[in-house]
Number of protein chains: 2
Amino acid sequence: MTSDTSQLSRRERQIMEIVYQQGRVTAAEVRERMPEAPSYSAVRAMLRILEDKGHLRHEQDGPRYVFLPTVPHEEARESALRRLVRTFFADSPEGAMAALLELEGDRLDEEALARIAARIREAQLEGR
Amino acid sequence: MTSDTSQLSRRERQIMEIVYQQGRVTAAEVRERMPEAPSYSAVRAMLRILEDKGHLRHEQDGPRYVFLPTVPHEEARESALRRLVRTFFADSPEGAMAALLELEGDRLDEEALARIAARIREAQLEGR
DNA sequence: AGCATGATGCTAAATTATTAGCATCAGTCG
DNA sequence: CGACTGATGCTAATAATTTAGCATCATGCT
């Protein structure tokens with residue numbers, strides 16, 4: 001297991017976000033998405049550092065490398081979720097749920113709401 | 001408005017998280033909660049930098065300063081939520097809600113689930 | 001073939017971040 | 001009072017991060 005993401009530097013964090021967002025990316029793609037993007041070779045240098053630190057690995061994809069996170073997506077997002085709930089919601093999942101509804105409610109159509117409601121009912125029935 | 005939190009360095013980010021978690025903190029309190037905490041004076045120096053950059057402000061509290069974020073808690077968490085949904089949930093709020101339920105469901109008691117369900121019903125009735 | 005473009009590996013310089021110490025002040029205690 | 005502790009303001013040294021250039025290789029095109 002790689003070290004905690006709270007230890008990532010500024011650029012490292014920017015890159016890791018892009019990698020998780022995309023799933024697998026080339027150096028050029030990372031660069032396109034970086035705020036105030038440095039040179040191509042600077043991006044590659046950072047990617048290599050992240051690989052050396054164990055956060056990323058690469059695969060050959062034709063003439064270029066494609067980079068992937070070493071911590072699986074699922075795991076990383078759980079970790080990020082927990083951290084967010086702890087930092088901003090006094091560790092209350094209910095608060096986070098409410099905020100998501102409030103903030104993103106208008107992006108949830110009828111069907112999505114129904115699906116979430118069903119999940120809630122399920123949780124209620126399971127007494128958990 | 002201060003610059004984007006994605007530009008925060010390693011220690012800056014650690015400190016901002018602590019500040020948001022606590023609401024208002026002294027330098028000593030920040031230091032207690034930092035991973036691999038540096039010296040008291042190093043923490044103070046970082047707090048001052050964050051203040052210079054506009055992320056924090058301070059108030060006098062007896063013989064010491066207490067630090068507060070300049071971006072209101074509500075705003076900061078919305079921003080963090082959006083970023084999380086975008087990075088890890090392909091910008092799908094439904095996905096984020098499902099993951100929260102999955103991950104933290106066992107921390108939601110009957111009453112909390114009922115309250116969330118009520119919020120969902122409300123959203124459904126409002127056709128949003 | 002030569003040239004251009006896109007890629008990697010590597011290096012090191014430049015820049016920024018992080019660190020902690022010193023001087024000074026304020027408050028408390030014996 | 002002096003000593004001690006806890007605080008601030010400030011500085012600069014050190015460490016870490018970030019940056020980009022060079023050499024080289026591979027591929028495709030004329």
If you average the sequence gap of Cα pairs under 8 Å that are 6 or more apart and divide by the length of segment A:8-69, what percent do you get for the contact order? 37 percent
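Using Cα pairs under 8 angstrom and six or more residues apart, how large is the relative contact order of chain B, in percent?
Numbers: 86 pairs, mean separation 24.3, N = 128.
With pairs under 8 Å counted, the relative contact order is 19 percent.
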Whole Å is fine, so just give me how far the alpha carbon centre of segment A:64-128 lies from that of segment B:99-128. 11 Å
Counting each DSSP H run of 4 or more residues in chain A as -39500 (n - 2.57), what helix-only mean residue ellipticity at 222 nm follows after dividing by all residues, to the nearest 500 deg cm²/dmol? -19000 deg cm²/dmol
Linear extension gain, B:ASP91 paired with B:ASP4, 0.36 nm per residue minus alpha-carbon span: 29.4 nm
With x for Gly and Pro, the residue-by-residue ³J(HN,Hα) of segment A:82-92, computed from phi through the Karplus equation 6.51 cos²θ - 1.76 cosθ + 1.60 at θ = phi - 60° and given in whole Hz, is 4, 5, 5, 4, 5, 5, 10, 10, 6, 6, 9
Defining the label point at 7 Å along Cα→Cβ, can you sort the distances from A:ALA117 to the same site in each other copy, shortest first, in nm? 1.1
Expected vector for segment B:26-36, Karplus 3J(HN,Hα) from phi with 6.51, -1.76, 1.60 and θ = phi - 60°, integer Hz, x for Gly and Pro, equals 8, 4, 5, 5, 4, 4, 4, 9, 7, x, 6
If I build a Gaussian network model for chain B, linking alpha-carbon pairs within less than 10 angstrom, which residue out of B:GLU75, B:GLU111, B:GLU29 has the largest mean-square fluctuation? B:GLU111
Among A:LEU100, A:LEU113, A:LEU81: highest mean-square fluctuation, GNM of chain A, C-alpha pairs under 10 Å: A:LEU113
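Other chains near B:20-30: what is the mean number of their Cβ atoms within 10 Å of each residue's Cβ? Intermediate values should be presented prior to the final figure.
Values: counts 2, 7, 1, 1, 0, 0, 0, 0, 0, 0, 0.
Mean number of neighbouring Cβ atoms from other chains: 1.
Please say if the protein assembly as shown is rounded, prolate or oblate, where rounded means a/c under 1.5 for a ≥ b ≥ c the square roots of the C-alpha gyration tensor eigenvalues, and otherwise the choice is prolate for a/b larger than b/c and oblate otherwise? Write out the running numbers ahead of the final one.
Working: a/c = 2.01, a/b = 1.14, b/c = 1.76.
Oblate shape, in that a/c is at least 1.5 and b/c is the bigger or equal ratio.
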The base-10 log of I(q)/I(0) that the Debye equation returns for segment A:60-128 at q = 0.15, 0.16, 0.21 Å⁻¹, one scatterer per C-alpha, is -0.73, -0.79, -1.05
Gain upon complete extension [A:TYR40, A:SER79; 0.36 nm per residue less C-alpha separation]: 11.0 nm
Taking a label point 7 Å out from Cα toward Cβ, give me the nm distances from A:ARG57 to the same spot in the other copies, shortest first, one decimal. 4.9
Cα gyration tensor category, rounded, prolate or oblate, for chain A with a/c compared to 1.5: prolate
Taking a ≥ b ≥ c as the square roots of the Cα gyration tensor eigenvalues, with a/c under 1.5 meaning rounded and otherwise prolate when a/b beats b/c, else oblate, which class fits segment A:8-69? rounded
Collect residues whose amide H, placed 1.01 Å from N in the peptide plane, falls under 5 Å from the amide H of A:THR70; neighbours closer than 5 in sequence don't count. A:LEU56, A:ARG57
Measuring from a point 7 Å out along Cα→Cβ, what nm distances, shortest first, does A:GLN7 have to its partners in the other copies? 2.7
Any idea which of A:ALA76, A:HIS58, A:LEU108 is furthest toward the positive side of the dipole for chain A, if Lys and Arg beta-carbons carry +1 and Asp and Glu beta-carbons -1? A:HIS58
Karplus-derived HN-Hα couplings along segment B:37-48 (A = 6.51, B = -1.76, C = 1.60, θ = phi - 60°), whole Hz, x at Gly and Pro: 4, x, 5, 4, 6, 5, 4, 4, 4, 5, 4, 5
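Every read-out reported here was derived from the displayed coordinates using simple, explicitly stated rules and does not represent laboratory data. Small disclaimer: the values here were computed from a predicted structure and weren't measured. Don't worry about glycine lacking a Cβ; one is built from the backbone with ideal geometry, like all the others, and counts go over all protein chains shown.
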